[in-house]
Each structure stands twice: as structure tokens, then as C-alpha cells.
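Structure first, then comments.
The values are calculated or read from the model by the stated rules, or taken from the named source; none is laboratory data. None of the values given here were measured: they were computed from a predicted structure. Here Cβ is always computed from backbone atoms with ideal geometry, including for glycine, and neighbour counts include all displayed protein chains. Please note that ligands, DNA and RNA were not included when accessible areas were found on the heavy atoms of the full protein model with its side chains. Shrake-Rupley method; radii C 1.70, N 1.55, O 1.52, S 1.80 Å.
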Amino acid sequence: MITTTKKSVWDMAQDRLDNVMDILDLTPGLKKYLKEPRKVVEVAVTVKMDSGDIDIFKGYRIQHSTNRGPAKGGIRYHPQVSIDEIKALALLMTLKCAIVGTPFGGAKGGVSVDPAMLSLRELENLTRRFTFEIINIIGPEKDIPAPDVGTNSQVMAWIMDTYSIDKGYAVPGVVTGKPIALGGSQGREEATGRGVVYSILSALKVHGIDSTDLDVAIQGFGNVGSNAAKILYDLGLRIVAVSDAGGAIYNLKGIDPYKAQNHVLKTGTVSGYKESETLGRDEIFTLPCDIFIPAALGNQVKASNADSIKARFIAEGANAPITPQADKILLDKGTFIIPDILCNAGGVTVSYFEWIQGNDAYFWSKRKVNLSLRDIMEKAFYEVYRTSLDRKIDMRTAASVLAVDRLAEAVRLRGIYP
Ligand code: NAD
């Protein structure tokens, strides 16, 4: 009988880190240090429900690194949130911040809850109670949360308010991804999608490909997927398919993502959008396209569906959307993968701008935000691409090599206390 042990996302992230640390020939002690998150906090989030009863949800905040600056990373509300997933995502944040050169470490948080099942009042109660439970470990100089799957600028506003009430004065710098009225940055809402687009344009450029006649398929039509779709559409690329939790839509002649989004606002899903054919959710993996953007959740592209993906380019909008086995299948086929820690770093980059603007109490125009984002994303892409060519390694390994090298240098320079 063949037995297969299923690896957790944290095991997979550690395997990848091991491989990179071997390439960099780090000492055994440093390897141990970089693998271990600095702080792991698990809390029971007690929420007063509309029914009058209480309910309890598991919440986590994990700081993987604070070596290069305060920990930084999103907060996710999703039923599948687990401690392993949050640990892996915190590690990815550390690497992401190092790649784009923001002066941050990495963290991630989450609550195991389906936010769609809560009323607005329950969502606010949950957010405020979760903030209270982790209040001693977050702060503008310690650890700065941001939105992720299932959270948005309103959730950030509640976190900021709860933290500020505890301190006795307004502390906008405790979170990024805030509403503009509370010190949020222009362009933050679409920054991750825009960063994905800049990465795609750089990839096309180094391959000498004209971007005007290309077909794009996108898995996930939330913040990242829909914004990437709209920016690519405005640039003249054809969005032939998009999917979300409710299904997939396909039109060989192209889908107008603005109209598709209006349909989502009315019905809650892309499914049934009339200027397209509605397909099963996972058929998105099989459709002909030049560029595929996974922008939903982790581990979506697996050994079982990797071979059906026809795109020459994959731009990872989501975090860890491709399993290591699928990665190998795709690389063997010659697919050019722009890895998550590079491709979706636009969000944390504009969060960094938000942090700078808050510290200076001086706010930038959208044009300045977008141009600065483009500069950073292009620089990061070319540094990773150059590393991949010089070391003859794939883009994912190159991105991690660059990031871990920067992180290891910071650890060595600061030294170990005492
Ligand atoms: P979101 O909640 O706004 O959107 C998620 C989308 O994925 C929704 O359209 C949902 O219906 C869809 N989805 C869920 N399960 C699906 C499935 N099985 N098949 C197809 N679609 C499915 O989340 P988001 O903020 O857009 O984040 C998406 C991904 O990008 C996550 O992995 C997140 O960690 C990553 N990310 C987000 C940001 C950011 O700034 N929002 C930054 C970096 C990385």
C-alpha cells in the first residue's frame, strides 16, 4: 500500500526556505533562526452575536521577522485560516518586504471565520475584540496590519479606532490600507493589482513580447483579481476569462471587467454574467490564454491541474497559489512564473508609502503613488530576473535568494542579543 503524507503549507514554505538557504550556504544556526517565527500569538476571539448569545473564533497574529524593521502583514478572515497557514504567510511577508526594499519585517494575522455569515455589527464586534486581544504586540513601531482576504479598509478603520481608544489619542500608523479620510493612501486599494500588472509588463518586455494582443485568464475577482483585470483591460489586453468562488465566465472576444464587476455587485458572483459563457469554477485552469493570474487563495494550482494550464506566463496575484509539485510541472513545461513575493508586492509597497505619508503628515497625489510604485516594482523585477540569469535558477528561487540574502545580512549586522 502506498501512503502519502500530506504536507502543510508551513512545511512546504520551510522546504522552499531550506533549499534557498542551502544555495546561500548559510550557517546551521542562521538557518534555524530564519525558519523560526519570532512571535506566535493565538487568541480566542469572543463575539457578542446579534442573537444575544456569544460565539468564539480562533485568531492568530504571527511575527516571522522584525530584523529589517517593524513586522508588517495583512489580516485574513476566512474559515480555513489555521496557525500553519498564517505562519507560512508571515514568512512570505518577510521575504516580500525584503525584495521590494521596504524597511519592514514580516507578519500575518487571521481569524477563522466566514465574514459573509456575520452581520456588520458582528463583524465590527469581532474586529474590535481581536484587536484588543493582540493590542500589546501591534503598533506603528512594532507590527502594522493591513487588509487581506475577507478584510478591507473599514476593518482597518475599526482596528485603528480600537487601538487609538486604548492609547488615548489617534494612532493612524497602527494599520495601513485605511480609508483615505483616516490617512489612507491614494492608490492603495488597487495597488496589489497594479503591481501585478507592472510585473507582467516587465516580464513581457524581457521576453520581447508586445502586450497588445494577449489573452488573460484570472482566478479570483476580488481586490487583486478585479483591479488587475481593469488595469490590463485599460492597457488593451483581452480578459477572456475570470472566476470567483461562485463560478467562471469565458468569452473569447473579451470580457469588460467593469461590467462584470457591476454584475458581481448585484449578484455576488461573476457567474451568470450575460456577455459571456458561464462555466464551472475550476474550468479556469483549462482555458486557452497567454497569461494566467491566480488571484484567489493558496494551493489552487496543484499536480492534478497544473498540466492543463496553457498560459506561457503565470503572474501570482495570490499568496502561494501553486504547490511545489505543480511548480515543477509548470517549470518543466517552460512556463514563466512571476512568484508571489515579487508579483503581489505592490500592496505592501503602497502600504509603505502610506506609512511614510502618515509619518510626514503630507499626502501624495495618486500619480506620485503610481509612478513610485512602478519604479519599485520594475527595480525589484529586474533584480530578481538578473539573479535568476546569473545563478541559472527559476524566478521563484531567485526572488527568495535575493530576499533571504538581505534578511541574513540584517541579522548578521544587528547580531544576536545578549
Ligand atoms: P478578496 O477576498 O478580495 O478576493 C478573493 C477572490 O477569490 C473572490 O473573488 C473570491 O470569490 C475568489 N475565490 C475564493 N475561492 C475561490 C476559488 N476556489 N476559485 C475561484 N475564486 C475563488 O481577496 P484579495 O484581497 O483579492 O486577495 C486574493 C489573494 O491575493 C490572496 O491570496 C491574498 O493573500 C493575496 N494578496 C492580497 C493583497 C491585497 O492587497 N489585497 C496583497 C497581497 C496578496
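Computed quantities for the displayed model
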| read-out | value |
| --- | --- |
| Residue count, the range 295-326 (criterion: under 23 Å from residue 81 (Cα atoms), more than 14 Å from the ligand (Cβ to nearest atom) and not in a loop (DSSP other than H, G, I, E, B)) | 3 |
| The range 232-247, residues that are surrounded by fewer than 18 Cβ atoms within 10 Å (Cβ to Cβ) and not acidic (Asp, Glu) | 235, 236, 245, 246 |
| Residue tally, condition out of contact with any helix residue (DSSP H, G or I) (no Cβ under 7 Å at 6 or more places or on another chain) and not in a helix (DSSP H, G or I), over the range 110-158 | 13 |
| Meets criteria (open to solvent by less than 40 Å² (accessible area, probe 1.4 Å) and small (Gly, Ala, Ser)) for residue 88 | yes |
| Looking only at the range 343-365, and only at residues there that are among the aliphatic types (A, V, I, L, M) and more than 15 Å from residue 94 (Cβ to Cβ), the one that is farthest from the chain's Cα centre (by Cα) | 361 |
| Residues located in the range 158-180, provided they are within 16 Å of the ligand (Cβ to nearest atom), crowded, with 20+ Cβ neighbours inside 10 Å and free of Cβ contacts under 8 Å to residues at least 40 places away in the same chain | 175 |
| Residue selected from the range 248-294 under the condition in a loop (DSSP other than H, G, I, E, B) and touching a residue at least 40 places away in the same chain (Cβ under 8 Å), by the criterion least open to solvent (accessible area, probe 1.4 Å) | 270 |
| Residues being open to solvent by 50 Å² or more (accessible area, probe 1.4 Å) and touching a helix residue (DSSP H, G or I) at 6+ places or on another chain (Cβ under 8 Å) - total across the range 19-30 | 2 |
| The range 188-209 - residue that is among the small types (Gly, Ala, Ser) and assigned to a helix (DSSP H, G or I) and, of those, nearest to residue 339 (Cα to Cα) | 199 |
| Residue list for the range 357-405, restricted to those being under 28 Å from residue 323 (Cα atoms), of a type in the set (Ser, Thr, Tyr) and in contact (Cβ under 8 Å) with a residue 24 or more places away in the chain | 382, 385, 397, 400 |
| Matching residues in the range 406-415 - criterion: being touching a residue at least 40 places away in the same chain (Cβ under 8 Å) and of a type in the set (A, V, I, L, M) | 407, 408, 410, 411 |
| Residue among 208, 222, 183 that alone is away from the ligand (no atom under 16 Å from the Cβ), open to solvent by less than 60 Å² (accessible area, probe 1.4 Å) and not basic (Lys, Arg) | 183 |
| Filter pass, residue 288 being away from the ligand (no atom under 16 Å from the Cβ) and at pLDDT below 95 | no |
| For residue 340: the one exception among (1) at pLDDT 95 or above; (2) within 23 Å of residue 89 (Cβ to Cβ); (3) surrounded by fewer than 22 Cβ atoms within 10 Å (Cβ to Cβ) | (3) |
| The lone exception for residue 189 - which of (1) within 25 Å of residue 366 (Cα to Cα); (2) within 16 Å of the ligand (Cβ to nearest atom); (3) at pLDDT 95 or above; (4) not polar (S, T, N, Q) it fails | (3) |
| Any chance residue 212 is closer than 30 Å to residue 128 by Cα, polar (S, T, N, Q) and not in a loop (DSSP other than H, G, I, E, B) | no |
| Members of the range 355-398 that are in a helix (DSSP H, G or I) and touching a strand residue (DSSP E or B) at 6+ places or on another chain (Cβ under 9 Å) | 355, 381, 384, 395, 396 |
| Residues of the range 215-245 satisfying the condition of being part of a loop (DSSP other than H, G, I, E, B) and over 21 Å from the mean Cα position of the chain (by Cα) | 235, 236, 237 |
| Scope the range 274-285; condition of a type in the set (D, E, K, R) and within 15 Å of the ligand (Cβ to nearest atom); matching residues | 281, 282, 283 |
| Exclusive hit being farther than 26 Å from residue 391 by Cβ, among the polar types (S, T, N, Q) and modelled with pLDDT under 95, set 4, 46, 66 | 4 |
